[in-house]
Protein chains: 2
Amino acid sequence: MAGLEGLNVLPRYTGHQEEKLIAMSALQSILTPKAASGKPSPLPFFQTVQSYQRSFILKTGVELDVFTAIAKGSQTAAEIARACNASERGVRILCDCLTVMGHLTKEGDSYSLTQDSAVFLDSSSPAYMGRALSFLLDPEQVRQMQNLTQTVRDGHPADDPYSMKPDDRMWVEFARGMAPLMVPPAQRIAQLLRPALDGKPAPKVLDIAAGHGVFGVTVGETCHTAQIYALDWPKVLEVARETAVAHGVSSRYNLLPGSAFDVDWGSGYEAVLLPNFLHHFDEQTCTTLLKKANAALNPGGQVVILEFVPNDDRVSPPIPAMFSMTMLSSTPTGDAYTFPQFKEMCRKAGFSEPKLTQMEESPETVLIARKP
Amino acid sequence: MAGLEGLNVLPRYTGHQEEKLIAMSALQSILTPKAASGKPSPLPFFQTVQSYQRSFILKTGVELDVFTAIAKGSQTAAEIARACNASERGVRILCDCLTVMGHLTKEGDSYSLTQDSAVFLDSSSPAYMGRALSFLLDPEQVRQMQNLTQTVRDGHPADDPYSMKPDDRMWVEFARGMAPLMVPPAQRIAQLLRPALDGKPAPKVLDIAAGHGVFGVTVGETCHTAQIYALDWPKVLEVARETAVAHGVSSRYNLLPGSAFDVDWGSGYEAVLLPNFLHHFDEQTCTTLLKKANAALNPGGQVVILEFVPNDDRVSPPIPAMFSMTMLSSTPTGDAYTFPQFKEMCRKAGFSEPKLTQMEESPETVLIARKP
């Protein structure tokens, strides 16, 4: 076997506790890709091949509400199983895997939440993100990745991607599920816009592809005189409207039903929000949309872009860099664009150079450009 | 937003190259779960949710033979796309993701193989493992994981798991695809058995659930007088027989077609191989199979078990620990057993305490126990 000659045998297990500890800790370090020896190792290959399981393991933990059960005091597999109405065998294996994956800790037979899972995965936490999984791991999304070979061959998905269909069930699912994930960047955007908006009497803010409505509604909550205009497909706007009502801004919430490409955006805005929208399109279409935003803004008005922005090398940081794959597999021409690409689009659309805000609370980046 | 107050804003991007480098490297460290600040971070959640993509990205890289194209000299996305007959856009995004995942490196616009991908993913390498993906990422395996919530609730998969059906298509797929992965542990097992077998005139070796035949055939290659008996379902044995012919041991290769639970194993063996078999069953059934092995062995004969053996904590090392999930989702009662569990099974079946051999070249462990 080429490249596999001369690999060392680890100390054999002899049954003596001390030697076992040494052998096991050596094994541990070896099974963490990549092998410390510098010799070729198939373990990174195994690790990647099996990584699809991790997504579904987390989804099951959320669907059975294991994290909430632990938050409420269940500790052992038997206790958690009782609380979640599931089998002990299943829960034991599930919680062990969630521990391997870093979403739980284990001490003896007792499981505990990590700091992150207590905040984001306990369904009684205000920052709970579990609902996003119904969109992020929708069988249709998974199916698109299972067809990836053909997609890479062609450069685009074979069938009509869901993302381009009006009133698609998926986008209502998206709107309902993704809202909690978008609260932190929405709050950041509202803070960034506040100084400009607070100086105006009844500033108009346009929220393109409003979806769950979180971006426009949060701006409306923060700037008490702002008039929010939400544009999206009619069925999705129903969800946005629910959000506006729930947050007490419905009297300042105006609906523009239809496609962002067809509907008249109006004019006189102080801000146009383009959150998670441009990545669905090619650069030329993005520029066209930015020109439309420019035309709708007052002089001095701001366009706000929220996007996954990889570094110029396009292979870091991991989450923004890999977001281009989500776009390859689910849109005809979408992508994750780098900062120089956004700079060029903004320039062509008549904006100043965008300012970039990175966040600890989100893998996305805010870009704000001003109409001179 | 509880727990999200007071997160720091990173330095803004100003367009000056030096500041950009600082900002980007700060971002990089932040997007590596978990955030260095010790504040709650949703990034480990995002990372896990999207990890299913990694499996399919690797599968696509293998199916398009991207690694082989790079090994043969293609470097840029355009060159690799030409060599693989795929779109440049698709290949660029694919190779960027493979770089993020650690299976390629990138320098400017040029991609290179890592040491591991050169050995295991270039289809002209003798250690090529790509064929295993057709089994490991078979849509049926993925579907089982998509049904995980119900499986954890019930403690077993809802429908008849493929693994228990004779002559199932999946096991022929398994036999053909997994053979290359099993060569390194098979060579290790043959080396471990050699001293005992070489001392006997025509030692009989029984390979239970022979599958691809790699284990028995490798023992036959190493010990030139050994008579190999291969037991498996008839359709699968055809694959094992092909392996025996290809490796020139067919004259010493004997077929025992049928289920390991029904067929007479015979007697007078110096070694019985149980590679990757016990994990399909509960402990009691494993003990029954080990008793059958004991009865078939000569005194002093050895049973050879190859398994994923997690540490006693059942949450390390990652690959063996998470193998229990593969068994939960695809068998009625299977599991990944710890060393104390194997020790107890061997004791009950009349064997000495098993000796453990860990390998750098495989995430599995060899356990050998002797009949007194």
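The values are calculated or read from the model by the stated rules, or taken from the named source; none is laboratory data. It should be emphasised that the depicted structure is a prediction, and the values quoted were computed from it without experimental measurement. All Cβ positions, glycine included, derive from the backbone under ideal geometry; neighbour counts span all protein chains shown. All accessible areas refer to the heavy atoms of the entire protein, side chains included, with ligands and DNA or RNA removed. Shrake-Rupley method; radii C 1.70, N 1.55, O 1.52, S 1.80 Å.
Below is a table of values for the structure above.
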{"read-out": "Positions within the range A:167-200 being out of contact with any strand residue (DSSP E or B) (no Cβ under 7 Å at 6 or more places or on another chain) and open to solvent by 40 Å² or more (accessible area, probe 1.4 Å), in sequence order", "value": "A:Asp167, A:Arg169, A:Glu173, A:Arg176, A:Gln187, A:Gln191, A:Arg194, A:Pro195, A:Asp198, A:Gly199"}
{"read-out": "In the range B:274-304, the residues that are touching a helix residue (DSSP H, G or I) at 6+ places or on another chain (Cβ under 6 Å) and aliphatic (A, V, I, L, M)", "value": "B:Leu278, B:Leu290, B:Val303, B:Val304"}
{"read-out": "Pick from the range A:297-313, criterion free of Cβ contacts under 8 Å to residues at least 40 places away in the same chain and out of contact with any strand residue (DSSP E or B) (no Cβ under 8 Å at 6 or more places or on another chain), ranking: surrounded by the fewest Cβ atoms within 10 Å (Cβ to Cβ)", "value": "A:Asp312"}
{"read-out": "Unmet requirement for A:Pro203, which otherwise passes all of (1) farther than 24 Å from A:Thr326 by Cα; (2) at the interface with chain B (Cβ under 8 Å from one of its Cβ atoms); (3) crowded, with 22+ Cβ neighbours inside 10 Å", "value": "(2)"}
{"read-out": "Exclusive hit being at pLDDT below 95 and either in a loop (DSSP other than H, G, I, E, B) or not aromatic (Phe, Trp, Tyr) (or both), set B:Glu270, B:Glu238", "value": "B:Glu238"}
{"read-out": "Residue list for the range A:239-256, filter: in contact (Cβ under 8 Å) with a residue 24 or more places away in the chain, open to solvent by 80 Å² or more (accessible area, probe 1.4 Å) and more than 16 Å from A:Ala186 (Cα to Cα)", "value": "A:Arg241, A:Glu242"}
{"read-out": "Residue in the range A:333-348 that is open to solvent by less than 30 Å² (accessible area, probe 1.4 Å), touching a residue at least 40 places away in the same chain (Cβ under 8 Å), facing chain B (nearest Cβ under 8 Å) and touching a Ser or Thr at 6+ places or on another chain (Cβ under 7 Å) present", "value": "yes"}
{"read-out": "Members of the range B:111-161 that are polar (S, T, N, Q), out of contact with any Phe, Trp or Tyr (no Cβ under 8 Å at 6 or more places or on another chain) and part of a loop (DSSP other than H, G, I, E, B)", "value": "B:Thr114, B:Ser124, B:Ser125, B:Asn147"}
{"read-out": "Selection from the range B:53-77 of residues that are open to solvent by 30 Å² or more (accessible area, probe 1.4 Å), more than 11 Å from chain A (Cβ to nearest Cβ) and in a helix (DSSP H, G or I)", "value": "B:Ala71"}
{"read-out": "Positions within the range B:110-124 being buried (at least 21 other Cβ atoms within 10 Å of the Cβ) and within 9 Å of chain A (Cβ to nearest Cβ), in sequence order", "value": "B:Asp116, B:Ser117, B:Val119, B:Phe120, B:Leu121"}
{"read-out": "Filtered residues of the range B:350-372 (kept if open to solvent by 10 Å² or more (accessible area, probe 1.4 Å) and touching a helix residue (DSSP H, G or I) at 6+ places or on another chain (Cβ under 7 Å))", "value": "B:Gly350, B:Phe351, B:Glu353, B:Glu360, B:Glu361, B:Ile368, B:Lys371"}
{"read-out": "Meets criteria (more than 11 Å from chain B (Cβ to nearest Cβ) and of a type outside the set (A, V, I, L, M)) for A:Thr357", "value": "no"}
{"read-out": "Failed condition for B:Met178, given (1) among the aliphatic types (A, V, I, L, M); (2) out of contact with any Leu (no Cβ under 6 Å at 6 or more places or on another chain); (3) at pLDDT 95 or above; (4) not in a loop (DSSP other than H, G, I, E, B)", "value": "(3)"}
{"read-out": "Subset of the range A:257-285 that is of a type in the set (D, E, K, R) and either out of contact with any strand residue (DSSP E or B) (no Cβ under 9 Å at 6 or more places or on another chain) or in contact (Cβ under 8 Å) with a residue 12 or more places away in the chain (or both) - its residue that is least open to solvent (accessible area, probe 1.4 Å)", "value": "A:Glu270"}
{"read-out": "The range A:287-332: number of residues that are hydroxyl-bearing (Ser, Thr, Tyr), within 10 Å of chain B (Cβ to nearest Cβ) and assigned to a helix (DSSP H, G or I)", "value": "3"}
